[in-house]
1. So is residue 227 at pLDDT 85 or above and part of a strand (DSSP E or B) or not?
2. Which one of these does residue 155 not meet: (1) assigned to a strand (DSSP E or B); (2) open to solvent by less than 50 Å² (accessible area, probe 1.4 Å); (3) at pLDDT 95 or above?
Amino acid sequence: MRYIAATESRMDDGARLNQFLLVDRFPDLQRQEAYEQLQHGEVYIEELDTQDDHHAIHVPSGLIHHWAGVIFIPKATLSETNAVLQDYANEAVIYNPEIRRARLIEQNGNDSKIFLQFYNKSIVTVVLNAYFDVTETPIGSTRILSKSHSTRIVEVENPGTPDEHERTDGVDHGYMWRLCSYWRIEEKDGGTYVESESITLTRTVPALLAWLINPWTKSIPRDVLFHTLTDTRNAVQKTGH
């Protein structure tokens, strides 16, 4: 997918410029203010839009939802924070109700395959089974980058019943076709910064329903990201800090 390739290229450029976190690309004064706000417990969230040579990247019949956010966890170490992010067995507890089930399928060094079951109830109730390839890359002794790419996403029918099963008819509602997530954690300033960036591909909203649906397509990813970050902070702080 061209949008993913362009986004990851931007990430690589940022790393070379020592812009590891989202707020590192700000001008000096704005960057200083952002760090101060993070250290006072605020959550920074921004909707992003990757372009290719200053041109929008369109996906036929699809919508791209691209968000990123940062939090600060005082007194937390890099290893403590990363341990929570890798605690797949407890993700359904940490990130309830957005994640109903989670498990590590296999792990080989820094490469893993994981399963997550997502739950969202807004206009309709949506339950999705998603499978991911995850690669974690330590950067020096104070930074870790984790990349997660979905390999399969399928709707779940009759969730929570004895007849719960994945759809096999090849037809779905297009709630989520693809999901790529990126976690960046950095230990400094007496704690650890955690950044989560997600790119979701969904079906295009019909024009006649856009006035109703579009506000949800903005609010849902932002709300989920906010809760994901704050739930992560709470889980890390419960480890003893």
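1. no
2. (3)
The values are calculated or read from the model by the stated rules, or taken from the named source; none is laboratory data. Note that the coordinates shown come from a computational prediction; the quantities given were computed from them, not determined experimentally. Keep in mind that these areas ignore ligands, DNA and RNA; they rest on the heavy atoms of the full protein, side chains included. Shrake-Rupley method; radii C 1.70, N 1.55, O 1.52, S 1.80 Å.
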